[in-house]
Amino acid sequence: MTRKPLSPPDPNRRMRGFEAASGFLRDPIRSATETRGFAVTRLLTHWPEVVGEDLARMTRPVKIGHTREGMGATLTLLVASAHAPMVQMQLPRIVEKVNAVYGYRAISRISLTQTAATGFAEGQAEFIAAPKATPAPRPEIVAEARETTAPIADPGLRAALEALAQNILTRRRK
């Protein structure tokens, strides 16, 4: 029995097995963000981590415009009109945080816009509202749920079943 000689690997094949989906999306995302001036996509993908949750709820980066004078670009932020005065007061802090992502003084100015750069219908931004607080269950429901789960010996299981019983009893009472 003769063996076939080993051939060199195919140069068109990048790796064996599956490739991560992020590898397929890296180039299209980079080209799309670079058309808006974003050299660092982290500014878009991790906006809440860059400026903080409170500012991320009110703002969204739209584009970065570079000037002819040299260093220092202008970052355009989309802001809901009710939040614009509050964001305006925090612009120096936002500039510091954004420049920390770049590692140098890349952004010198921030302009606020209350509509998307593409127009009214196409680029509407959705701002995330604060989560609604759920009301505490009534004491009689808590007592009934505790009484129902009293025979359970495991405290973790008892707590989980008690929460489930409270949810079921609350729905029945409505």
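The values are calculated or read from the model by the stated rules, or taken from the named source; none is laboratory data. What you see is a predicted model; the values in this text were computed from it and never measured. Counting neighbours? That spans all protein chains shown, and the Cβs are built from the backbone with ideal geometry, glycine included.
Within the stretch 63-82, work out how many residues are touching a residue at least 24 places away in the same chain (Cβ under 8 Å), farther than 16 Å from ASN99 by Cα and not in a loop (DSSP other than H, G, I, E, B).
Selection size over the stretch 63-82: 3.
Taking the stretch 35-78 as the search range and keeping residues that are under 20 Å from THR113 (Cα atoms) and of a type in the set (D, E, K, R), which one is modelled with the lowest pLDDT?
Here the answer is ARG36.
Of the residues SER108, SER81, only one is over 18 Å from ARG60 (Cβ atoms), in the same structural domain as THR59 (by TED's automatic domain parsing) and at pLDDT below 90; which?
Among SER108, SER81, only SER108 is over 18 Å from ARG60 (Cβ atoms), in the same structural domain as THR59 (by TED's automatic domain parsing) and at pLDDT below 90.
Taking the stated definitions as given, is ALA143 modelled with pLDDT of 90 or more, surrounded by 10 or more Cβ atoms within 10 Å (Cβ to Cβ) and not polar (S, T, N, Q)?
Yes: the conditions hold for ALA143.
Among the residues of the stretch 83-110 satisfying the criterion of being in a helix (DSSP H, G or I) and of a type in the set (Lys, Arg), which is surrounded by the fewest Cβ atoms within 10 Å (Cβ to Cβ)?
Within the stretch 83-110, the match that is surrounded by the fewest Cβ atoms within 10 Å (Cβ to Cβ) is ARG93.
Could you tell me how many of the residues in the stretch 115-133 are modelled with pLDDT of 65 or more and surrounded by 12 or more Cβ atoms within 10 Å (Cβ to Cβ)?
1
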